[in-house]
Amino acid sequence: MNKQLERLHPYPFQRFNALLASVETKSNAPLIAWSMGEPKHPAARFLVEALQDETLIRRGLGTYPPTKGLEQLRAAIADFLKRRYGLHQTPNAETQVLPVTGTREALFAIAQAVVSANEAGRIVMPNPFYQIYEGAAILAGAEPHYLNCTEENNFLPDFAAVPAEIWDQCDLLYLCTPGNPTGAVMSNERLQTVIRLADRHDFVIVSDECYSEIYFDENEPPGGLLGAADAMGWHDYRNCIAVNSLSKRSNLPGLRSGYVAGDAAILEKFLLYRTYHGSAMPVHHQLVSELAWQDEQHVIENRSLYREKFKAVANILEPVWPMQQPEAGFYFWAQTPTRDTDFAVRLIELANVKVLPGSFLSRDTDSGNPGENRVRMALVATLDECVEAAERIVQVWERL
């Protein structure tokens, strides 16, 4: 067996479920889960109807899917990128866009394609983080290097604090903007600083932007890596790879559909890797994905549902547990009055509401664990369930 597998940490949900194995709730109320970031809003009707189209399904089932993706899907993604990020020119759908089977697959696989197994490199990532970054680094033979994101630095990585020798060893930098779990958004200026660092030290930037379409002001959408590169005249997106999917944007986590876009030279090699890896998206999923990337109305409606839930939950919790609304995304990254693991256990015991301990999403470093005494609350349940969960928390607050 690959000895690196022994270095992988259990997934946060496995750790929490193990912690809860002997815990029994004292509440008669049904469980409300705010622990997993799995979208629960219904998929748009026109996309469901497309998936019921017999001609479309037979076309998909009757052919091997192209790993490179259908030309019309790549064109739809390129058009989305230009429209969404105000790019001066549309990315080249032939060379700068590649459909993938969800962001998880792409975020893991890109490290395997970028890192040379015979070189002891580093992969730099935010802390807390989506655990795929760390697993990808370990299984690629690289050493993870964590950048703590705390309230003191507005939950953003402090790139200026990273020694030059770390950047010299860096093969790949993972970004997450808007951040998971913090919701923090990186500005164009900060992204451009990173782009210049990558050029100077010769590493690849992979920006995880899967929460980019969930934000609170329709007039101020979060920026992204390709938009920052475009604004500084880097239309070849050198060293830059952006990753996104339809899971959060369109409530289609089960479709397993996303994209990587950016540097054509990197994508050429990544396509070669994925051809051997065997991770092509089924053709009928590609056809439905094309429709989803072309439509914005269902995404606007999706955002409005999250706005309503954030406002309702914050209003209920404010008297006992005030918390800061994120810049984007669907998580509250809330500070706890007690140890995060104890708080999460007590919340199950007393209210049957499930949140995820923040320390399970982070790693201990010399300057501490940035997830300690915080919990991640995913407002993915229905409005009524979110309101009920918040009311239960208020009722038991004094005992938490």
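The values are calculated or read from the model by the stated rules, or taken from the named source; none is laboratory data. Because the structure is a prediction, the values reported are computed rather than measured. Glycine also receives a Cβ, built like all others from the backbone with ideal geometry; neighbour counts cover every protein chain displayed.
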Filtered residue count, the stretch 311-323, keeping only those that are surrounded by 18 or more Cβ atoms within 10 Å (Cβ to Cβ) and more than 11 Å from Glu391 (Cβ to Cβ):
1
For the stretch 1-69, list the helices (runs of 4 or more DSSP H) that sit wholly inside it and hold at least 1 residues that are over 27 Å from Asp340 (Cβ atoms); which are they?
45-51, 54-61
Within the stretch 1-48, which residues are surrounded by 12 or more Cβ atoms within 10 Å (Cβ to Cβ) and without any contact (Cβ under 8 Å) to a residue 12 or more places away in the chain?
Pro10, Asn17, Val48
Report, by residue number, each residue of the stretch 59-93 that is farther than 27 Å from Gln297 by Cα and free of Cβ contacts under 8 Å to residues at least 24 places away in the same chain.
Gly62
Let me confirm something: among Asp340, Asp366, which residue is free of Cβ contacts under 8 Å to residues at least 12 places away in the same chain and of a type outside the set (Gly, Ala, Ser)?
Asp366
Tell me, yes or no, whether the stretch 180-189 has at least one residue that is among the small types (Gly, Ala, Ser), surrounded by 22 or more Cβ atoms within 10 Å (Cβ to Cβ) and farther than 19 Å from Gly224 by Cβ.
no
Ser289: passes all of (1) in contact with a Gly (Cβ under 8 Å, 6 or more places away or on another chain); (2) assigned by TED's automatic domain parsing to the domain that holds Phe216 but (1)
Pick out the one residue from Gln335, Gln294 that is surrounded by fewer than 18 Cβ atoms within 10 Å (Cβ to Cβ) and in contact with a Lys or Arg (Cβ under 6 Å, 6 or more places away or on another chain).
Gln335
Mind listing whichever residues of the stretch 336-379 are part of a strand (DSSP E or B) and touching a Gly at 6+ places or on another chain (Cβ under 7 Å)?
Arg374, Val375, Arg376, Ala378
So, of the residues in the stretch 380-400 that are under 22 Å from the mean Cα position of the chain (by Cα) and in a loop (DSSP other than H, G, I, E, B), which turns out to be surrounded by the most Cβ atoms within 10 Å (Cβ to Cβ)?
Val380
